[in-house]
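Data block below; observations after.
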Amino acid sequence: MDTKKIIFLAISVVLVLKAAESFDYQEEDLASEERLWNLYERWRSHHTVSRSLTEKKQRFNVFKENLKHVHKENQKDKLYKLKLNKFADMTNHEFLQHHGGSKVSHFRMLHGPRKVTGFSHENTYNLPSSVDWRKKGAVTDVKNQGKCGSCWAFSSVAAVEGINKIKTGKLVSLSEQELVDCSSDNNGCGGGLMEQAFSFIKNNGGLATEINYPYTAKDGSCDSAKMNSGMVTIDGYEMVPERDEHALMKALANQPIAIAMDAGGRDLQFYSEGVFTGDCGTELNHGVALVGYGTSIDGTKYWIVKNSWGNDWGENGYIRMERGVDREEGLCGLTLEASYPVKKTSDNKKSPFQSPKDEL
């Protein structure tokens, strides 16, 4: 086979793979009920969604409404786009039930208000114009919580994975399932708080690796044998001062941060790309991780958020959310419940963004 044929074959394979990864619709697909039904069947086939005949009829109506929403919003002059992703035949209420899970207000009633902690990143100066911990090798691949309200565990783990890489030089994928099964102050697939997860990791003497305690997307019994293998430790956690985007930037310049946010609304459910500037409230129902910040070519400031809905949602599993909004709580309340794990090192390394006299 000559070189031109090899190159052509390689390009063809790439195009086929890209086509297989994407699902889109045309304007004519909305022209009739029959075309809409055919579109729904193509969508089900693409995402391998199995439904009974009765359920298909019900889900088709939900799919139609979601399609109308996606189509209508994409006609507007917004900084972000939506798409018919794998959640397209779920109502927003159903979606949040299965794919949220932080339920901060509920757990605040159980465990009391935010604890007052130190903020060791307060004396962080000379903030860089942009930060991306992915480029520094401190972020593992995007994971998928599935139909389990364990987002709080994924948020916590992402932050611990990040600080462990920063302090030890090793990026280790850690176990969300251990938190789901063993963190008794949280409620597994029923939700939880990131601070409680950090406390568990400290008090337990560490967290197992993903390989040793793999994720099952369901509640299970705590397996002590798996807990004691391949532990990554932390020394505690701190809260970022709430309602303060600048404080959040200071913390994020030093390490990935666990936050809670309001993931309600269909725009977030179907987010595809761009800087999200859409409507959302402050009902904190979803845990995610901040892994960076930056500014778009058009001058729009944004946060880089790692989600746990798989890499086929959003921008390969991430969402960029508007930063510098004119409200203290930040977009979707993301400044209200931010925390990070503390991990000390024997050589007392200092942040490159702190003055020499200030230690982490």
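The solvent-accessible area of Met194, taken with every protein chain present and a 1.4 Å probe, is close to 0 Å². Among the listed pairs Lys167/Lys250; Lys147/Lys344; Lys143/Lys226; Lys78/Lys135; Lys56/Lys86, those with a Cα-Cα distance over 25 Å are Lys147/Lys344; Lys78/Lys135. Comparing mean-square fluctuations of Ala258, Ala225, Ala338 from a GNM of the chain with C-alpha springs under 10 Å, the top value falls on Ala225. Relative to the longest principal axis of the Cα atoms of the chain, the long axis of helix 151-168 lies at roughly 50 degrees.
Highest mean packing comes first when the peptides 277-285, 134-142 are listed by Cβ atoms within 10 Å, giving 277-285, 134-142.
Counting 0.36 nm for each residue step from His111 to Arg35 and taking away their Cα separation leaves a gain of 22.2 nm. Taking every DSSP helix (H) stretch of at least 4 residues in the chain, weighting each as -39,500 (n - 2.57) and dividing the sum by the residue count yields a mean residue ellipticity at 222 nm of -10500 deg cm²/dmol. Which are the unpartnered cysteines of the chain, meaning those with no other cysteine Cβ under 4.7 Å from their Cβ? Cys151 - these cysteines have no disulfide-compatible partner (Cβ-Cβ under 4.7 Å) in the chain. Note on Asn311 and Asp298: their simple-model spin labels are 2.8 nm apart, each label 7 Å out from Cα toward Cβ. When a 1.4 Å probe is rolled over the protein heavy atoms, the share of accessible surface on segment 213-318 that falls to carbon and sulfur comes to 43 percent.
For the chain, modelled as a Gaussian network with Cα springs under 10 Å, which listed residue fluctuates most, Leu171, Leu290, Leu53? Maximum among the listed residues: Leu53. With a ≥ b ≥ c the root eigenvalues of the C-alpha gyration tensor of segment 67-181, is it rounded (a/c under 1.5), prolate (a/b larger than b/c) or oblate? It comes out prolate by the Cα gyration axes. Extending 7 Å from Cα along the Cβ direction at Glu55 and again at Gln75 yields two label points whose distance is 3.3 nm.
Considering only Glu161, Glu328, Glu55, the mean-square fluctuation computed in a Gaussian network model of the chain, springs between alpha carbons under 10 angstrom, is largest for Glu55. Axis angle, to the nearest 10 degrees, between helix 53-74 and the longest C-alpha principal axis of the chain: 80 degrees.
For the chain, the longest principal axis of the alpha carbon atoms and the long axis of helix 33-46 meet at an angle near 50°. Taking 0.36 nm per residue of separation and subtracting the current Cα-Cα distance, fully stretching the chain between Glu27 and Ser224 would add 65.4 nm.
Accessible surface computed residue by residue for the chain, with neighbouring protein chains in place and a 1.4 Å probe, gives 47 Å² per residue.
The values are calculated or read from the model by the stated rules, or taken from the named source; none is laboratory data. All of these numbers come straight from a predicted model, not from anything done at the bench. FYI the Cβ positions are ideal-geometry reconstructions off the backbone, even for glycines, and counts take in every protein chain you see. The accessibility values were calculated without ligands, DNA or RNA, using every heavy atom of the protein model including side chains. Shrake-Rupley method; radii C 1.70, N 1.55, O 1.52, S 1.80 Å.
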